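Taking it in order: structure first as structure tokens, then the write-up.
The values are calculated or read from the model by the stated rules, or taken from the named source; none is laboratory data. Nothing here was measured: the structure is a model prediction, and the numbers come from that model. Quick reminder, even Gly has a Cβ in these numbers, built from the backbone with ideal geometry, and neighbours come from all protein chains shown. The accessibility values were calculated without ligands, DNA or RNA, using every heavy atom of the protein model including side chains. Shrake-Rupley method; radii C 1.70, N 1.55, O 1.52, S 1.80 Å.
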Amino acid sequence: MVPATTRPSAAQTVLVLAAFAAEFLLFFYGRNAFGPYVSPVLYVGASLLFTAAAWRALRNQPYILGAASAMRPRWAYPVAMGLLAVALYPRLREIIEQYPVDVKMSDVLPSIEIYLRRFQTGQPVYALITEFGYDLSPTYLPMMWLPYLLPDALNVDYRWLGLWVLAVGALLYAYRLASTAPSLYGGILKLLLPLVLFWPLLGHDTHILGLSIETMIIGYYFILVAGILSQSTAFRAVGLLLCLLSRFSLLFWIPFYLWLIYRHEGPKRAFWLVALVAIGVLGIYVIPFLSADWSAFMKGQGAYTAAAVAEWQNNVGPDGLPTQLFRGVGLASLFYKYAPGDFAARINLLRGVHLVATVGSVAAVAAWYWLRRHRLTLDYRHLALLALKLNLTFFYAFIQVPYDNLLLLVPFMSVWIILCLKEPEASPAQS
């Protein structure tokens, strides 16, 4: 029997950091290093190893916030994070200027502009888009485009909004870090972890910043996790709405999270969280947009499938293989190579496995939680965070087209889990 501890052992912490390093290297600098079939398996394996190692390290650690140090007051970490963000401004401006908005390179930003113009002029936002020379069913949920009213009003490049949102998320991360009262070196290490993940985007992966809006999505999830680790129902509702109404990657995780709130904080808290999220979904999406065309959502999902078929068939590289499938970060390459049938059959098989894996990951955690509910040693907030990481790992591992910008969210979630880890005991715990 493992004795109860309040801190992970040095060995447990080293394993978590080693798995994080593997996840980081396989996604960025070692992407496709082992070929398009082995590399994605290793990458997903690193994410799963990280989650398992973090579960072991956190399982006996209570959720207790530390007192602010007189030498390192609580505001010191957010200020340091803010200064780091300001220091990156010149490089970020260079990257944005390097990538002019061009529908031939990416239709993300041009699509957002069409959404905004339709909204501002009272036209149906989710009507068929024909301005690009081909028909495109709108797929973006409101929080993917509605916030861009702000940079549009300020007449600044839309891509700055994603960086602003990520900066807000980073400041929340720094504030939460300060509340754990880390040691000097531990605090510096954890403060720099988001920057470590962001650094490759300033170098060889600049296309993610120049052609996509993933920084906004990552910022949303940072806000969500900050809410998970808070006691504010309103804060949690904001995080859930931002993520749910941008991409529904966490859709199957939400019921489990609400169940945790119900069991550990009481039905009143759970009810108000459900009510606030429901009001937000109705007020931001269903009533103003979906009610105008109840088929718009399913048309959007059909457009995603059509885009996936196009990527599988047409966007091929010199080797004759679909470029986006064979970049070493998603398991779609295995289905392309080894699944039976034509493209449609292989994609449908992948979609089925994607659904089973995504739902199954949450169901497995929920079943484990129910069986262990009377002797649970893992704090429910840590459990919620680990379950979210696991769910996102499977969701993006089996996505039909594993664009690297989409999968970027998975390693960024790891920094929050590392933040939750207390520093190791002076001597290794007996196992």
**Request:** For Val103, state whether it is over 25 Å from Trp294 (Cβ atoms), at pLDDT below 95 and part of a loop (DSSP other than H, G, I, E, B).
**Result:** yes
**Residue that is farthest from Leu49 (Cα to Cα), among those in the range 373-423 that are out of contact with any His (no Cβ under 9 Å at 6 or more places or on another chain), of a type in the set (A, V, I, L, M, F, W, C) and outside any helix (DSSP H, G or I)** = Val401
**Answer from Val316, Val359 - the residue that is out of contact with any Leu (no Cβ under 8 Å at 6 or more places or on another chain) and at pLDDT below 95** = Val316
**Complete:** Of those in the range 163-178 that are open to solvent by less than 10 Å² (accessible area, probe 1.4 Å) and in contact with a Gly (Cβ under 7 Å, 6 or more places away or on another chain), the residue modelled with the lowest pLDDT is Leu177
**Prompt:** Does Pro147 satisfy the criteria of being over 23 Å from Ile418 (Cα atoms), in a helix (DSSP H, G or I), out of contact with any Lys or Arg (no Cβ under 7 Å at 6 or more places or on another chain) and not aromatic (Phe, Trp, Tyr)?
**Reply:** yes
**Message:** List the helices (runs of 4 or more DSSP H) inside the range 196-274, counting only whole elements, that have at least 2 residues being closer than 15 Å to Leu385 by Cβ and open to solvent by less than 40 Å² (accessible area, probe 1.4 Å).
**Reply:** 214-228, 233-244, 253-265
**Request:** Name the residue, out of Ala33, Ala57, Ala21, that is assigned to a loop (DSSP other than H, G, I, E, B) and either in contact (Cβ under 8 Å) with a residue 60 or more places away in the chain or within 24 Å of Ala174 (Cβ to Cβ) (or both).
**Result:** Ala33
**Prompt:** Of the residues in the range 319-344, how many are on the phi < 0 side of the Ramachandran plot and either at pLDDT below 90 or not aliphatic (A, V, I, L, M) (or both)?
**Reply:** 17
**Message:** Suppose we filter the range 180-191 for residues that are in a helix (DSSP H, G or I) and surrounded by fewer than 16 Cβ atoms within 10 Å (Cβ to Cβ); how many remain?
**Reply:** 4
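Please determine whether any residue of the range 121-130 is of a type in the set (S, T, N, Q), part of a helix (DSSP H, G or I), out of contact with any strand residue (DSSP E or B) (no Cβ under 8 Å at 6 or more places or on another chain) and open to solvent by 40 Å² or more (accessible area, probe 1.4 Å).
yes
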**Asked** Which members of the range 275-305 meet the condition of being surrounded by 14 or more Cβ atoms within 10 Å (Cβ to Cβ) and over 24 Å from Ile129 (Cβ atoms)?
**Response** Leu276, Val277, Gly280
**Message:** So for the range 111-120 (the condition being of a type in the set (Lys, Arg) and closer than 30 Å to Ser183 by Cβ), does at least one residue qualify?
**Reply:** no
**Prompt:** So is Gln313 in contact with a Phe, Trp or Tyr (Cβ under 7 Å, 6 or more places away or on another chain), within 23 Å of Asn348 (Cβ to Cβ) and open to solvent by 50 Å² or more (accessible area, probe 1.4 Å) or not?
**Reply:** yes
**Asked** Does Leu84 meet the test of being in contact (Cβ under 8 Å) with a residue 60 or more places away in the chain and crowded, with 18+ Cβ neighbours inside 10 Å?
**Response** no
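Across the range 349-383, what is the total count of residues that are more than 30 Å from Leu334 (Cβ to Cβ) and aliphatic (A, V, I, L, M)?
Qualifying residue count, the range 349-383: 4.
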**Prompt:** Going by the structure shown, is Tyr257 closer than 15 Å to Ala237 by Cα and either more than 21 Å from the chain's Cα centre (by Cα) or of a type in the set (D, E, K, R) (or both)?
**Reply:** no
**Set Gly239, Gly219, Gly266, Gly186: member being over 22 Å from the mean Cα position of the chain (by Cα) and within 26 Å of Tyr77 (Cα to Cα)** = Gly186
**Fill in**
The residue that is most open to solvent (accessible area, probe 1.4 Å), considering only those in the range 1-57 that are closer than 19 Å to Val401 by Cα and aromatic (Phe, Trp, Tyr), is Tyr37
**Message:** Would you confirm, using the coordinates I've provided, whether Gly133 is open to solvent by 30 Å² or more (accessible area, probe 1.4 Å), within 18 Å of Ser291 (Cα to Cα) and free of Cβ contacts under 8 Å to residues at least 40 places away in the same chain?
**Reply:** no
**Request:** Please work out if Ala366 is closer than 18 Å to Tyr37 by Cβ and either crowded, with 16+ Cβ neighbours inside 10 Å or touching a residue at least 40 places away in the same chain (Cβ under 8 Å) (or both).
**Result:** no
**Message:** I need the full set of residues from the range 142-162 which are open to solvent by less than 10 Å² (accessible area, probe 1.4 Å) and among the small types (Gly, Ala, Ser), in order please.
**Reply:** Gly162
